[in-house]
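Here the structure is laid out as structure tokens; the discussion comes afterwards.
Values in this text are rule-based calculations from the coordinates and carry no lab data. Remember, it's a predicted structure, so these values are computed and weren't measured experimentally. All Cβ positions, glycine included, derive from the backbone under ideal geometry; neighbour counts span all protein chains shown.
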Amino acid sequence: QGEKRALREELDRVALPREVVAASPAMRAIFQEMVPLVARQDTTVLVRGETGTGKEVIARRIHALSRRAERPFLAVNCGALPEGLVESALFGHERGAFTGAAGRHLGLFERASGGTLLLDEVGELPRAAQAKLLRVLQEGEIERVGGEGPVRVSVRVIAATHRPLEAMVASTAFRDDLYYRLQVFPIVVPPLRERPEDLEPLTRVIVEKVAAGFGRTPPRVSAEVVARLRAHDWPGNVRELENVIERSMVMSTGDELVLSAPFTPAPRAKGRVMTYREATQRCIEEALRASGGKIYGEGGAAAALGLKPTTLQSKMRKLGIRREGGEEG
């Protein structure tokens, strides 16, 4: 039995799911070495990286390879919780705990019982909630708002953040004792611009996923499209790539993916950043090319840019941009 389990764990470690892309050395190290290693333990994990880099994908993979895999995986964006309801959302409340509390409410920690809870953007938690989170990590128990005693919970906590927690600790915005509790096993996810090897396989996975949702055959991704994608710095990381691909597939009706405006990747600046005028001109010109010079109506450049046609024409005149055929506006 032990040998079978070991074999299954080894196969899981090597064979990544289709939606997990790890072509770059950095992501291979995360998914094939760090994730399988920490998944075997109940250690608290802190996943760090820019917004949109795929921190939740890593958390889900840790859960899938853990002994808690058959139990719930819940995720919450701490920054999206109303400040007055953070503790209720995480730890629950009793009837009458506050105005509107008509009955007992189980918080995320109790609902994730036996499983894993991802606390995304953990740096956004208010200080009072930080103290209660520390108690969960230290004692394995929570107390509902308005409750009369502790409640035992067994939950694996994975925290994620894009914030500089060290600076927040220095400014007392984040508790130092909680920081050290979360920092037991840190995983740093590099931004997409630092792992270009992942861009093409990520694009193909996203295209297939979006196509399945649209109920259509995935369009072909040409070498030209890949080259244009690689010319972009992706400040929004994988999330931005997903948005660009989905928008492009809405506009692409043929067998080949056509990148739609307002996506206008520019060569990476080396010592010089484009001016606002240059960026605006590039954006408008790309939209006009994509629309074949059409400004008005559905499929026109104005609609693609989210502008009124008259506003677009005014900008074109100021920038000296002409449509195909040599006519302004």
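What the table shows:
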{"read-out": "Net length gained if the chain between A29 and S113 were fully extended (0.36 nm per residue, minus Cα distance)", "value": "27.2 nm"}
{"read-out": "Contour minus Cα-Cα distance for E70 and L16 (0.36 nm per residue)", "value": "17.6 nm"}
{"read-out": "Amide H partners (placed H, <5 Å) of T116, local residues excluded", "value": "F73, L74, R156"}
{"read-out": "For E139, E286, order by how many other beta-carbon atoms lie within 10 Å, fewest first", "value": "E139, E286"}
{"read-out": "Point-to-point label distance, R220-R277, nm (Cα→Cβ direction, 7 Å offset)", "value": "4.2 nm"}
{"read-out": "Net charge over other residues, Cβ less than 15 angstrom from the Cβ of M168 (K, R count +1; D, E count -1)", "value": "0"}
{"read-out": "For percent of Cα pairs over 38 Å apart, calculated from these coordinates, the label among [x] 15; [y] 29; [z] 33", "value": "[z]"}
{"read-out": "E166 paired with E56, simple spin-label distance in nm, labels 7 Å along Cα-to-beta-carbon", "value": "2.9 nm"}
{"read-out": "Fewest-first ranking of F185, F98, F91, using other Cβ atoms within 10 Å as the exposure measure", "value": "F98, F185, F91"}
{"read-out": "Gap separating the Cα centres of the range 170-226 and the range 115-168, nearest whole Å", "value": "25 Å"}
{"read-out": "Taking L178, L241 and counting other C-beta atoms within 10 Å, the order from fewest to most", "value": "L241, L178"}
